[in-house]
1. In region B:14-37, how many residues are within 29 Å of A:Leu585 (Cβ to Cβ) and within 7 Å of another protein chain (Cβ to nearest Cβ)?
2. Would you check which residues across region A:252-277 are surrounded by fewer than 23 Cβ atoms within 10 Å (Cβ to Cβ) and either within 13 Å of the ligand (Cβ to nearest atom) or under 25 Å from the mean Cα position of the chain (by Cα) (or both) and list them?
3. Pick out, from region A:579-649, the helices (runs of 4 or more DSSP H) lying fully within it that include 2 or more residues that are at pLDDT 95 or above and more than 14 Å from every other protein chain (Cβ to nearest Cβ).
4. May I ask you to list the residues in region B:38-66 that are within 14 Å of another protein chain (Cβ to nearest Cβ), out of contact with any His (no Cβ under 9 Å at 6 or more places or on another chain) and of a type outside the set (D, E, K, R)?
5. What is the number of the single condition among (1) over 29 Å from A:Gly269 (Cα atoms); (2) assigned to a helix (DSSP H, G or I) that B:Gly83 does not meet?
6. Output the residue which, of all residues in region A:309-331 that are in a helix (DSSP H, G or I) and more than 23 Å from the chain's Cα centre (by Cα), is nearest to the ligand (Cβ to nearest atom).
7. Residue pairs, Cβ under 6 Å, 6 or more apart or interchain, first in region A:277-292 and within 14 Å of chain B (Cβ to nearest Cβ), second within 9 Å of the ligand (Cβ to nearest atom). List them.
8. Against the condition assigned to a helix (DSSP H, G or I), away from the ligand (no atom under 16 Å from the Cβ), surrounded by 16 or more Cβ atoms within 10 Å (Cβ to Cβ) and modelled with pLDDT of 90 or more, how does A:Met380 come out, does it pass?
Amino acid sequence: MLGRLGWDALPYDPVVIGGALSVVGGLVGIIVLITVLKRWKWLYKEWLTSLDHKKIGVMYIVVALVMLIRGLGDALLMRLQQIIGSNEANAVLTSEHFQQIFTAHGTIMIFFVAMGAMFGIINLILPQMLGARDVAFPFLNSVSFWLFFSGMALVNTSLIIGEFAATGWMAYPPLSGLEYSPGVGVDYWIWSIQIAGIGSLLSGINFIVTILKERAPGMSLMKMPIFAWSVLGAMILVAFSFPILTGTLAMLSLDRLMGMHFFTSDMGGNPMMYINLIWAWGHPEVYILILPAFGIFSEIVATFSGKKLFGYKSMVVAIMAITFLSYVVWLHHFFTMGGGANVNAFFGIMTMVIAIPTGVKVFNWLFTMYRGRVRFTSPMYWFMGFVVTFTIGGMTGVLHAIPAVDFQLHNSLFLVAHFHNMIIGGVLFGYFAGLTYWFPKIFGFKLHEGLGKLAAWTWIIGFVTAFVPLYVLGLMGATRRLDHYDASLGWQGLFIVAGIGAVIIVIAVGIQLLQIGYSIWTRKQRIDHNGDPWDGRTLEWSTTSPSPSYNFAVLPQVKSIDAFWYQKQGNENKNEMETFQPFHLPKNSGIGLFIGILSTIAGFGIIWHIWWLVIIAAVLIIYSIVHRANDRDTEMLVTKKDILSEAMG
Amino acid sequence: MSQANTSIAPHNDKSSLGFWIYLMTDCVLFASLFATFAVLRNATAGGPTGAELFDLNYILIETLILLASSFTVGMALLGFRVGSKRIALSMLVLTGLLGGTFLALEINEFQHLIHEGFTWQTSAFLSSFFTLVGTHGLHIAIGVLWLVYLAAAIYRHGLDSINKKRIVLFALFWHFLDLIWIFIFSIVYLGAKF
Ligand SMILES: [Cu+2]
C-alpha cells in the first residue's frame, strides 16, 4: 500500500533530527503566523493564484532566499566537519550524512537559489523593461513557478522522510545506480530537479516568446536593453539544454525503476554516456545563470556612470557568441576520463575561446565607467566586488582549460574554489546588485544604502577568506568532498581560515536580512515618489513605483536605445492618457498552484513506489489541464475608468 | 474591473511561436534519446541484435498508418477552412482511430518481444530501443487524448477561433511526431538491417 515507505524513513541520527525539526518547526511557525494574522485568504487571492509577473517574481525571490539560508547551513556543517576532520573520533557527521549534505548543498544552491533568483529577477523586470504589460503566457508562468516550488518541496521533504542522494550534485552512475544507491536518496534528487527542470523549460519558452513578441512599439531588437539580450541568450540555452537534462534524468530513473541498463556497469550499460549527456546540459547551465547577471551589470553600470553602455553591438555579439560556444565545451568537465589527446585539445581550445567574449564584456563595462560621472551606490559596490572576484575566477578557469593542468587540478579543492568564484562572485553578486537596483520599482521604496554597502563589503571579505584557502589546499593536494584527512598533512590551519570565511558570509547574509527588515521599518524615509529613483535609462523607470498591475496604462513608443533616457532629454513627450486604449489582463487562477501540489504528490509517489498515488495525481493533473482549456473566460478588460479609479486609490 | 469576452486574435502568433519553440525542445529530447541509442545499439550483452528482432514488413505497416493519419489531419484542417464541421469532425475521428491503431500495433510489437523473453532488462541496446520507441508512442498516446478533447470541443463550440487555433497547433504536433517516426524507422529499424 505505501510502497517503500515505513516508520524507518523517519530520522534517528541526532544531527538529522535537528535538520528535520528545523524544517517542520519553520513550516508550523509560518502556518501559525498566517492563521493568527488571518491572512490565508489574502495570501491565496493576492499571491498564490496571481498571474501578475511581478508577484510571481517576488515569490521566486522569497523561495530562493529561504533556500540560500538552507544551503548556507549545509555549507557551515561541511566547513565544521573539515575543520575537525583531521581527527575522525570527534567528527560531527557520519560519512554517509556528510555526502548527503554536499549533494544537497550543490543541488539546492544551483536549482533552487541561483535558478530561483534568476527567474525571479527576470519576472520582476523583463516585461517592464520591454514596455510590456505581462509575459507572453501568464498562466504558464504560474505553472512554471509552482513546478519550481514543487521541486523545492521535495528536496526539503527528504530531510524529514527518508534521505537525500549521497552521490554529489551531478549523481554520476554507476554510483547513482540501483546497485550502489538502493535507497530513496537518488530518487529524491532525480524527481525534485526533474519537476523543477520542466518548470524552467516552460519558463524558457515563455520568456523567448515574451522578448520576441511583447516588445513595446518601436523597440527593434537592436534597441532592446542589454539585459533583455542576455535573458534571450540564457533562455535559448534553457530551451536547448534542459530537454537533455529531462531525458538524462528519465533514463537514470528507468535504470532504477525498471531495471534498464543505460548507465549500469553491466549488460552493455555505458556510464560515460550519462556524464556526456549531463554536462551537455550542465555547461550551458553555467551560462544560463551568468548571462542574466552580465545583463544586470550592463544596466547598472550604464545608469550609475550616467553614460550609454560602451560597445552595445559588441555586447550583443558577445552574448550570442557565448550562447553558441557554451554547447561545444562540455567535455572540459571530464578531461581525465579518457577522451584522447585530440578530443581534449579541441575542447580545451574551445574553452579558451569562450573566455574571449567574456573578457570583451568586462572591458565594455570598464570603458563605460571611464570618464563617466560614476555614482558609487550599493549596486555599484556589488559590481566592483564582481569585477575583482569574477576576473580571478575567470583566470583560474582558463587554467583548467589546459587539459594537462586539469589532470593535476581535477576533483581538487582548487576546482571547488574556482566554481564558487564564478557562482558567488559572478552570479550571486550580480543578482544581489539587481535586487538592490530594482527593489524600489517593485516595492515603492529603496533599500537602506549604508547597510547595503556594508553587506557587499562583508560578502567580499567573507568570500576571499573562505575560498582563497581552498585554492591553496587544492594545490597542496586536497581533493573535494573529504570528510576526514590525516592530521600530518597540515591542512587544518587553512580549513580553519576557510571556516572563518564561511562565518563572515553568514554575517553578511545577516546584514542583508537586517537591511531588508530595517528598510521596511523605516520605508517612509526612502519612498520613491516619481518612479525613477536612480535616474535610470530604460523603460521600467518610466512607470510609477511600485508599478501598477498592468505596468503601463499607455504602451510607450520607443525611438532609441535607452528609451526612457531619450524621453527625459526632452526628445519626446511622455505618454498621455488621451491615446489610451482598453486592454486585457489575465484573471487569477489557482490551477498552477493545484498542478504544483499534484506534481509534488506524484513525485513523492514515484520516489516511494506508491503507484496508486502517482496514478491519482496524474489523472488530476490531466483534469486540471482540461479544466483550464475549457475555461474560455480567462481575461478581464481594463478601461480608462478602472485606471483612473485605481490611481485615485 | 469590468468583465468581457476575450478576443484571441492578437494571441494567435504568440501561441504558435511558443508551440514551435516547444517542438524544438522536444526535438532536443528525442535527439538525446537518439544519441544514446546510437551509442548503445551494439551493446547487446550477448542478447539479440536488432537485425534478429525486427520485422520490417510489420514496421512498414505501422509507418503507413501513421503517414495516413498525417494526411487525415490535413483534411481536418481543410474542413475547418471550408467551414464544414462535419468534415473536420469526421477527419479528426479518423485520425484518432489511425493513431490508436498505430499504438495498438506498437504495443503488440512490444508484447511480442517481451513474450519471447527480450525485455528492456535484457541489454543496454534493448533498454534504449524500448525507451526511444516508447517515448514516441507516449507522445502519440498524448496526441490521441488531445484529439478526443479537440473533437469534443468542436462538437460543443463548433468551428470557433479558439478551436481553430488549437487544431492548427495539434496538426503541427502530429506532423512533428510523423517526422520523428521517420527518423526512428530509418535509424532504428532500417539501420538494424543494413
Ligand atoms: Cu563547463
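1. 6
2. A:Ser253, A:Ile275, A:Asn276
3. Numbers: elements: A:591-608, A:611-630, A:640-647.
Because the criterion is at least 2 residues that are at pLDDT 95 or above and more than 14 Å from every other protein chain (Cβ to nearest Cβ), the helices (runs of 4 or more DSSP H) in region A:579-649 that meet it are A:591-608, A:611-630.
4. Start the filter on region B:38-66 by keeping residues that are within 14 Å of another protein chain (Cβ to nearest Cβ), which leaves B:38-50.
Okay, now just the ones that are also out of contact with any His (no Cβ under 9 Å at 6 or more places or on another chain), so B:38-39, B:41-42, B:44, B:46-50.
Selection gives B:Ala38, B:Val39, B:Asn42, B:Thr44, B:Gly46, B:Gly47, B:Pro48, B:Thr49, B:Gly50.
5. It fails just one condition, (2).
6. First, the residues of region A:309-331 that are in a helix (DSSP H, G or I): A:312-325, A:330-331.
Now narrow it down to the ones that are more than 23 Å from the chain's Cα centre (by Cα): A:312-314, A:317, A:331.
Working: A:Tyr312: 27, A:Lys313: 27, A:Ser314: 23, A:Val317: 21, A:Leu331: 9 Å.
Residue satisfying both the conditions and the ranking: A:Leu331.
7. Short answer, once both residue conditions are applied: A:Trp279/A:Trp330; A:Trp279/A:His333; A:Ala280/A:Trp330; A:Pro284/A:Ser326.
8. Values: assigned to a helix (DSSP H, G or I): yes; away from the ligand (no atom under 16 Å from the Cβ): yes; surrounded by 16 or more Cβ atoms within 10 Å (Cβ to Cβ): yes; modelled with pLDDT of 90 or more: yes.
Yes: the conditions hold for A:Met380.
The values are calculated or read from the model by the stated rules, or taken from the named source; none is laboratory data. On a predicted model such as this, the values are computed, not experimentally measured, just so you know. For neighbour counting, all protein chains shown are included, and Cβ atoms are generated from backbone atoms with ideal geometry for every residue, glycine included.
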